[in-house]
Amino acid sequence: MVMYGWFTLGGTEIANSNRVAAYANTGITAGCTCPDLEASLGHEPYTDPVSDHAPWYDPAAPQSKDFHGVLGLEINGAAASTLGSEWAELVGDGGVAGAPRRASRELDFKVMLLAASEDALSYGLEWLASTLEGSECRRGCIGDTLCLYSGCPTPPLPDGNSCDPTNEPDPEPPPPWDPVEAGDRALRQLFDVSLLEYADDPEFSRLTGNTWTATITFTLKAGRPQFHHHPVTIIDSTNDDLNPPYRDRIEGYSPYWEPECPPLRDCLDSNPYCGNDGPWGPEPFPGSNPRDPILIDPCYPTGRFTAQRAIYSDHHPGVPRVPRHLEKVPLIEVYTGSRALHRTTIRWYSNPNRRPPNPESLETCDICNEITIPHIPAWTRVVFDGRTKRVTVECDVNEQTGRQRGYQGQSDVTLYGPYGQHLDWPAFRCGQAMLIELICQAGTLAPDARYRLDWVVRGDAA
């Protein structure tokens, strides 16, 4: 389940039951509100729409100050997974399952709008309909980001045995509670979200105290159906204390994996009538050997070069942990600074034995995935987002002077996977420890460059 008292779409707050309770003052019960919601959002206690710069307030529309906001009542469609597969029935008995896939997700919302006048309620309905159309900055059919809480951000439960009949307090008081951090833990995000259906007939009523209400339902549809948690930073080039890396320089570095990692051999494949005497030699069919000649994009550089490298562990004691039972994807930000960055590769290695980050720990056959981008110009910020499988670029950015001009938006830049082939965006299905190798051409990493890698865990239900 998810908390229905607060959610945003495209960065605009739509429902906030605490805000409505403060503005309407109509005796909304505590069950509809969340005691620490304001603190978790970094907001001061709510007073009135004008002073708080409420999302709907517009000085050009005087009636907007009399609109109290949107009270969340229900959200349905979050508690079940959309994972499934199509089945093909066999001619004989039984059937065969197709490849599993996640269908898009539909979420049904029921909300109540409150206002101090009919005119203000009409304005609120107009504002909500406009907001649900989506943000102005989204591109085409991509959709927006929907943010919700999995539950009210609350202080952690005290340590100790909750079944202790003496109910004695802990000998040491718990550390100070950070409501913003608690809000980050409860945050869930859905991507590529758009309005699917808007209710035709709101239910209107008038409460005591001259409060006008309208109850409506609408449906939002998410193209990316998984619930993504708040990103957790595991690598930050500006803070080596977070996760100390191993750094070195490699002469004559090759982008190809060496040596080849052959698949495990089937004990029944030694057929004396095939093998070396077969029409293609020992290969089952042409092209089955990854060392066969392959077509490579001419924009992918293949020559050897002098590389500088950093190796990190995502299980260093100072790095925040992520839940083991959930899938995780990377969120990577690179800022090149005053030099163009050449031949950048980010590579992930399985590390179940938690070996330390050094070259001796890197086993070629433990490589899980990699991303390569041959060239990033100077003064460029690039975000590789494993949540949406997109690349965002900001050009001509000088963080020291605050200058930011040029292109900003989604990029169609080509990213490469192993051997310069098509990239299969990384998604790691368990919390197994990993080593992360970052490589670039020596001398192209500027002193004012920086990079950061976050893990984002995601689940099929909330």
Checklist entry - Does the range 403-424 contain any residue that is at pLDDT below 85 and among the basic types (K, R)? => result yes
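If you check S130, S122, which single one turns out to be modelled with pLDDT under 95 and assigned to a helix (DSSP H, G or I)? Can you show your working first?
Numbers: S122 fails: modelled with pLDDT under 95.
Answer to the check: S130.
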Checklist outcome for this item: Every listed condition ((1) under 15 Å from W348 (Cβ atoms); (2) at pLDDT 95 or above; (3) surrounded by fewer than 18 Cβ atoms within 10 Å (Cβ to Cβ)) holds for F384 save (3)
Checklist entry - Just a yes or no: is a residue in the range 66-88 closer than 30 Å to N210 by Cβ and outside any strand (DSSP E or B)? => result yes
Checklist outcome for this item: Residue hits (the range 332-343; within 12 Å of V382 (Cβ to Cβ) and either without any contact (Cβ under 8 Å) to a residue 40 or more places away in the chain or assigned to a strand (DSSP E or B) (or both)) are I332, E333, V334, Y335, L341
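Can you tell me which of A21, A80 is touching a helix residue (DSSP H, G or I) at 6+ places or on another chain (Cβ under 8 Å) and more than 24 Å from S135 (Cβ to Cβ)? Please lay out each step first, then the result.
Details: A80 fails: touching a helix residue (DSSP H, G or I) at 6+ places or on another chain (Cβ under 8 Å).
Matching residue, one of A21, A80: A21.
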Checklist entry - Does at least one position in the range 191-199 carry a residue that is of a type outside the set (D, E, K, R), under 15 Å from G42 (Cα atoms) and modelled with pLDDT of 80 or more? => result no
Item to check | Residues of the range 428-449 that turn out to be surrounded by 17 or more Cβ atoms within 10 Å (Cβ to Cβ) and either among the aliphatic types (A, V, I, L, M) or touching a Ser or Thr at 6+ places or on another chain (Cβ under 6 Å) (or both), as a count | outcome: 9
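Assess whether S130 counts as being polar (S, T, N, Q) and out of contact with any Asp or Glu (no Cβ under 9 Å at 6 or more places or on another chain). Explain how you work it out, then say what you get.
Values: polar (S, T, N, Q): yes; out of contact with any Asp or Glu (no Cβ under 9 Å at 6 or more places or on another chain): yes.
Spelling it out, S130 is indeed polar (S, T, N, Q) and out of contact with any Asp or Glu (no Cβ under 9 Å at 6 or more places or on another chain).
Being of a type in the set (G, A, S), touching a strand residue (DSSP E or B) at 6+ places or on another chain (Cβ under 9 Å) and farther than 23 Å from D184 by Cβ, is that true of even one residue in the range 343-354? Before the answer, list the steps.
Step one: filter the range 343-354 for residues of a type in the set (G, A, S), giving 350.
From what's left, touching a strand residue (DSSP E or B) at 6+ places or on another chain (Cβ under 9 Å): 350.
The next check asks that each one be farther than 23 Å from D184 by Cβ; those that pass are 350.
Within the range 343-354 (the criterion being of a type in the set (G, A, S), touching a strand residue (DSSP E or B) at 6+ places or on another chain (Cβ under 9 Å) and farther than 23 Å from D184 by Cβ), the answer is yes, since at least one residue qualifies.
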Checklist entry - Taking R355, is it on the phi > 0 side of the Ramachandran plot and touching a residue at least 60 places away in the same chain (Cβ under 8 Å)? => result no
Next on the checklist: Exactly one condition in (1) surrounded by 11 or more Cβ atoms within 10 Å (Cβ to Cβ); (2) in contact (Cβ under 8 Å) with a residue 40 or more places away in the chain; (3) within 23 Å of S17 (Cβ to Cβ); (4) out of contact with any Gly (no Cβ under 9 Å at 6 or more places or on another chain) is false for L83; which is it?
Outcome noted: (3)
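Looking only at the range 185-243, count how many residues are charged (D, E, K, R), touching a strand residue (DSSP E or B) at 6+ places or on another chain (Cβ under 6 Å) and assigned by TED's automatic domain parsing to the domain that holds G124. Lay out the reasoning, then the answer.
Just the residues of the range 185-243 that are charged (D, E, K, R), to begin with: 185, 188, 192, 197, 200-201, 203, 206, 221, 224, 236, 240-241.
Those left that are additionally touching a strand residue (DSSP E or B) at 6+ places or on another chain (Cβ under 6 Å): 188, 192, 197, 203, 206, 221, 224, 236.
Restricting the remaining residues to those that are assigned by TED's automatic domain parsing to the domain that holds G124 gives 188, 192, 197, 203, 206, 221, 224.
Of the residues in the range 185-243, 7 are charged (D, E, K, R), touching a strand residue (DSSP E or B) at 6+ places or on another chain (Cβ under 6 Å) and assigned by TED's automatic domain parsing to the domain that holds G124.
Of these, W379, W348, which one is farther than 20 Å from C299 by Cβ, surrounded by 19 or more Cβ atoms within 10 Å (Cβ to Cβ), at pLDDT 95 or above and aromatic (F, W, Y)? Show your work before the answer.
Values: W379 fails: at pLDDT 95 or above.
Sole residue among the options that is farther than 20 Å from C299 by Cβ, surrounded by 19 or more Cβ atoms within 10 Å (Cβ to Cβ), at pLDDT 95 or above and aromatic (F, W, Y): W348.
The values are calculated or read from the model by the stated rules, or taken from the named source; none is laboratory data. Computed from a predicted structure; not experimentally measured. All Cβ positions, glycine included, derive from the backbone under ideal geometry; neighbour counts span all protein chains shown.
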